[in-house]
Every structure is written in C-alpha cells, then in structure tokens.
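Read through the structure below, which is laid out as structure tokens, and then see the notes.
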Amino acid sequence: MSAETCTGIQSRPRRFPRRLAALQHAGPALGVFAAARLTGMVVMALWAWRTGRSPRALLAGSWDSDWYLRIAAHGYGRTLHWPDGAVQSDLAFFPLYPGLVRAVTAVLPVAGGTAGLLVSWTAAGAAAWGVFRIGDRLYGRAVATALVALWGLLPHSIVLSMAYTEPVMTAFAAWSLYAVLTRRWLWAGALAALAGAARPNGVAVAAAVLVAAGCELAGNRGRGDWRPWAGAVVAPAGWAGYVLWVGARTGDVLGGYFAVQAGWTSRFDFGAGTWRFARTVVTRPMDLGFTMSLALTAVGVVLFVLFLLERPPLPLLVYTAVLVAIVVGGSGFFESKPRFLLPAFPLLLPVACALRRARPGAAVVVIAALAGLSFAYGAYALTLATMAL
C-alpha cells in the first residue's frame with residue numbers, strides 16, 4: 001500500500017469519534033434534561049403512592065397510551081360507540097409508535113406498557129440531543145443548553161416521560177430539521193417521513209422540508225443536485241401514506257381519515273372552536289386543567305410572535321408555524337393543546353436567548369420557578385385531573 005493511500009485513509013473523517021465528541025459536547029445539556037425528567041417522575045410517583053395509585057400504570061396506561069398499546073398488541077380494529085352518537089376509532093392513531101412498541105416486545109421480555117416507556121424515554125433523549133444540536137448550531141452551546149432545559153421543564157413535559165407519541169415525533173422532527181440546516185437532504189426527507197408516521201401534526205416536518213428543498217432548488221446552490229428533489233418526495237410519505245391507507249380502509253380515500261378524526265371531535269375550523277372554548281373558560285369556573293390549557297396556548301402564541309421577531313431560519317419557521325396553526329385552528333380536546341405544542345421547541349429559542357443574556361441569579365430564579373410549576377402540574381395532571389392530557 002502506497003504512502004499516498006495511507007495518508008488518504010488517515011485523512012478521512014472518522015464518523016464514530018466525531019459523533020462521540022458531539023455527544024460529549026451535548027453531555028451537560030442532556031444531563032440537565034435527564035435530571036429534570038427524572039425529578040418530575042419522582043414527584044409524580046410520590047404523589048401517586050400517596051393517593052394509592054401505581055406510578056407505572058399512570059405513565060404507561062393513561063388516556064391515549066391505552067389505545068396505542070392495544071394497537072401494538074392486537075392491531076387496528078377497535079371502535080367505541082357512545083350514547084351521544086360519537087364514534088371513536090383507533091384509526092385516528094398513527095402507526096409508528098405502536099409499531100416500535102411491538103418491535104420492542106418481540107425482542108425483549110417486557111410487557112407492552114414497559115416497552116412503551118422504553119420507546120418514549122429513548123426517544124425523549126434523542127429528541128433532547130437533536131434540540132441541542134439545532135440550538136448549538138444557531139446560537140452556541142449556552143443557548144442550546146438553556147433551550148433543552150426549558151423544553152424539559154415545560155408544564156406539560158410529564159408527557160415526555162409517558163407512553164405517548166410526542167417524544168418520538170419530536171426526535172425525528174429535530175433531527176430532520178438539523179439535517180435540513182446542514183443540507184443533508186436524504187436524511188431530512190427520511191426522518192420527516194418517520195415523523196409524519198408518528199403523529200398527525202408530523203406533517204409540519206414534511207412542510208418544512210418541502211419549503212426548504214424548494215428554496216434550495218430555486219437558488220443556484222441546488223441546481224443540478226437530485227438530493228433536494230429526493231428529500232422533498234420522501235418527506236410527506238409517512239403522513240400521506242397513513243392518511244390514504246385509512247381512507248382506503250374506510251372506503252373514502254381522500255376523506256376517510258378526516259372523518260375518523262371528526263368522530264373524535266377533531267377538525268380544522270380556522271380557530272372557531274378555540275375561540276368558543278376560550279370564551280367559556282374565561283366566563284365561568286372550569287377545572288384547573290382547562291384554564292391551564294388556555295393559558296399555555298396563549299403563551300405559545302405570544303412566543304411564536306417573539307420567535308418571528310428573531311428572524312429564524314426558514315425551515316424552523318415553517319415547522320413551528322404549521323404546529324401553531326394546527327393547535328390554534330383546530331377544535332376538539334382543548335385540554336390537549338399544550339401537549340400538541342410540545343414538539344414546537346423552536347418557540348423557546350427567544351426565552352433561551354434571553355436567559356443567556358440575563359444575570360445568572362435571574363436565570364436561576366426563572367428555571368427554578370419553571371421547574372416547580374412543571375413538577376407540580378405534572379403530578380396534578382396524572383393523579384388528580386379528570387381531563388385527558
């Protein structure tokens with residue numbers, strides 16, 4: 001072997017050491033995230049034991065978790081008919097998460113609930129790393145660390161520790177957006193497709209990839225490159241594929257999935273339902289969960305305005321705008337709207353930047369207050385609240 005060849009081999013980038021170094025670079029932020037989520041679970045568990053309930057059962061089998069675990073165990077086909085005429089079908093739930101749970105139970109000797117938690121916890125860690133990488137690329141390590149800490153301490157962040165789909169979707173979304181920012185178009189499209197197969201609002205990732213790829217192709221930089229085209233074609237495949245499959249199964253290819261969602265009272269009405277519910281909340285006494293949901297949704301809108309003023313990269317702007325539009329413009333299950341905003345981590349970028357500029361004492365006070373709210377509200381939402389998350 002020639003010296004020239006040896007030199008070429010030595011100069012090639014070694015991917016594994018680079019990834020290990022990147023993980024070490026994100027280590028403090030991931031440690032903060034893990035500590036936040038672990039503390040939140042401990043607080044919830046202590047209160048659950050106090051009320052005579054199982055913390056594991058609450059994390060693994062509450063509300064939508066039960067639907068996902070049933071799909072993982074038995075496949076699709078469950079439909080509930082209610083006395084008021086409502087029809088709720090499990091076809092409303094996208095397939096990636098139950099598919100991952102089923103794969104884990106096939107490999108490991110664990111029950112479905114435990115498998116669901118393993119998938120969610122792993123995905124939450126991967127999502128936190130992706131969120132860090134985006135924040136680090138745009139603003140540096142300090143802002144990225146603050147961004148991850150804020151995301152892990154949101155009032156509804158207990159969902160990141162449950163057998164729910166938000167961690168999975170956010171993981172694929174964050175890494176897809178990072179791939180777009182670094183112009184890895186094939187990765188961006190593939191990860192966007194997986195995000196779209198995880199949740200209905202995963203379509204926001206596909207929208208971001210499509211717009212970014214279109215801008216790339218329209219400019220001189222993308223001419224003659226087939227990869228943006230490929231990424232744009234693949235990106236909506238997960239979401240569109242499942243929507244069309246449900247349509248074919250129900251006999252209405254284009255409208256079947258949306259009819260299933262309507263059975264759950266979920267439809268896009270350009271904010272009419274949100275406005276009606278908001279008037280109800282402010283004009284008569286309601287459960288704390290509904291009041292908090294309205295307040296957190298309003299805060300999300302304010303944060304979106306602040307996010308716009310930061311002039312973010314176009315992919316992050318499109319992704320976040322679609323998520324906020326779905327939350328504000330959709331009706332049904334108002335109490336779940338803050339959960340639907342969990343994947344919208346770019347909304348926290350203005351706050352993370354402000355914390356970076358603030359005095360250390362002020363930043364500590366803000367983080368401590370948010371942590372107290374997050375831990376207390378997470379325990380309330382799982383052990384005392386009567387409404388769904």
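The values are calculated or read from the model by the stated rules, or taken from the named source; none is laboratory data. Quick caveat: nothing in here was measured; it's all calculated off a predicted structure. Ideal geometry is used to build each Cβ from the backbone, glycine not excepted, and the neighbour counts take in all protein chains shown.
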Revision key, fill the gap. A careful count of residues in segment 265-282 that are in a loop (DSSP other than H, G, I, E, B) and either of a type in the set (Ser, Thr, Tyr) or surrounded by 15 or more Cβ atoms within 10 Å (Cβ to Cβ) (or both) gives 3
**Study point:** Selection status of Gly125, assigned to a helix (DSSP H, G or I), closer than 23 Å to Val205 by Cβ and touching a residue at least 12 places away in the same chain (Cβ under 8 Å)
**Key:** yes
Review point. Pairs, please: C-beta under 7 Å, at least 6 apart or cross-chain, first residue polar (S, T, N, Q) and in segment 171-184, second modelled with pLDDT of 95 or more?
Key: Ser176/Ala188; Ser176/Leu191; Ser176/Ala192; Ser176/Ala195; Ser176/Val205; Ser176/Val209
Exercise for review: Restrict the check to segment 81-90 and report whether at least one residue is β-branched (Val, Ile, Thr), touching a residue at least 24 places away in the same chain (Cβ under 8 Å), surrounded by fewer than 21 Cβ atoms within 10 Å (Cβ to Cβ) and touching a strand residue (DSSP E or B) at 6+ places or on another chain (Cβ under 9 Å).
Suggested key: yes
Revision key, fill the gap. Selection over segment 228-260 where residues are in a loop (DSSP other than H, G, I, E, B) and among the charged types (D, E, K, R) yields a count of 1
Study note, to complete from the structure: Checked pairs for segment 245-263, first closer than 22 Å to Asp84 by Cα, second of a type in the set (D, E, K, R), C-beta under 6 Å and 6 or more apart or across chains, list as none
**Study point:** Residue, modelled with the highest pLDDT, within segment 274-298, restricted to residues that are β-branched (Val, Ile, Thr) and under 12 Å from Val327 (Cβ atoms)
**Key:** Thr297
Study note, to complete from the structure: (1) surrounded by 24 or more Cβ atoms within 10 Å (Cβ to Cβ); (2) within 14 Å of Leu30 (Cβ to Cβ) all hold for Thr170 apart from (2)
Practice item. Kindly list, by first and then second residue, each pair from a residue in segment 35-52 that is more than 15 Å from Leu160 (Cβ to Cβ) to a residue that is among the small types (Gly, Ala, Ser) and assigned to a helix (DSSP H, G or I), limited to pairs with Cβ atoms under 9 Å and residues at least 6 apart or on different chains. Key: Ala45/Ala379; Leu46/Ala379; Trp47/Ala379; Ala48/Ala57; Ala48/Ala379
Practice item. Just give me the residues in segment 320-337 being in contact with a strand residue (DSSP E or B) (Cβ under 8 Å, 6 or more places away or on another chain) and closer than 13 Å to Ala204 by Cβ, in sequence order. Key: Ile326, Gly329, Gly330
Point to revise | Where Gly241 falls short, out of the listed (1) surrounded by fewer than 21 Cβ atoms within 10 Å (Cβ to Cβ); (2) over 19 Å from Thr165 (Cα atoms) | key: (2)
**Study point:** Candidate set: segment 92-112, residues that are assigned to a helix (DSSP H, G or I) and over 20 Å from the mean Cα position of the chain (by Cα); chosen: the one modelled with the lowest pLDDT
**Key:** Gly112
**Study point:** Extreme residue, modelled with the highest pLDDT, among residues of segment 35-72 that are among the polar types (S, T, N, Q) and part of a loop (DSSP other than H, G, I, E, B)
**Key:** Ser54
Practice item. Kindly indicate the residue of segment 247-273 that is in contact with a helix residue (DSSP H, G or I) (Cβ under 6 Å, 6 or more places away or on another chain) and of a type in the set (Ser, Thr, Tyr) and also nearest to Ala381 (Cα to Cα) among those meeting that condition. Key: Tyr257
Exercise for review: Output the residues belonging to segment 346-371 that are of a type in the set (Lys, Arg) and surrounded by fewer than 16 Cβ atoms within 10 Å (Cβ to Cβ).
Suggested key: Arg357, Arg359
Review point. Where in segment 296-389 are the helices (runs of 4 or more DSSP H), entirely inside, with at least 1 residues that are over 27 Å from Ser62 (Cβ atoms) and charged (D, E, K, R)?
Key: 349-357
Practice item. Filter segment 173-202 down to residues that are of a type in the set (Ser, Thr, Tyr) and surrounded by fewer than 24 Cβ atoms within 10 Å (Cβ to Cβ), then give me how many there are. Key: 2
Review point. So which of Ala368, Ala278, Ala352 is among the hydrophobic types (A, V, I, L, M, F, W, C), free of Cβ contacts under 8 Å to residues at least 40 places away in the same chain and farther than 20 Å from Ile158 by Cβ?
Key: Ala278
Point to revise | Scan of segment 283-292 for residues that are in contact (Cβ under 8 Å) with a residue 60 or more places away in the chain and either in contact with a helix residue (DSSP H, G or I) (Cβ under 6 Å, 6 or more places away or on another chain) or in a helix (DSSP H, G or I) (or both), ordered by number | key: Leu288, Gly289, Phe290, Met292
Check your understanding: Looking at Ser374, is it buried (at least 18 other Cβ atoms within 10 Å of the Cβ), in contact (Cβ under 8 Å) with a residue 60 or more places away in the chain, closer than 27 Å to Thr280 by Cα and touching a Ser or Thr at 6+ places or on another chain (Cβ under 9 Å)?
Key -> yes
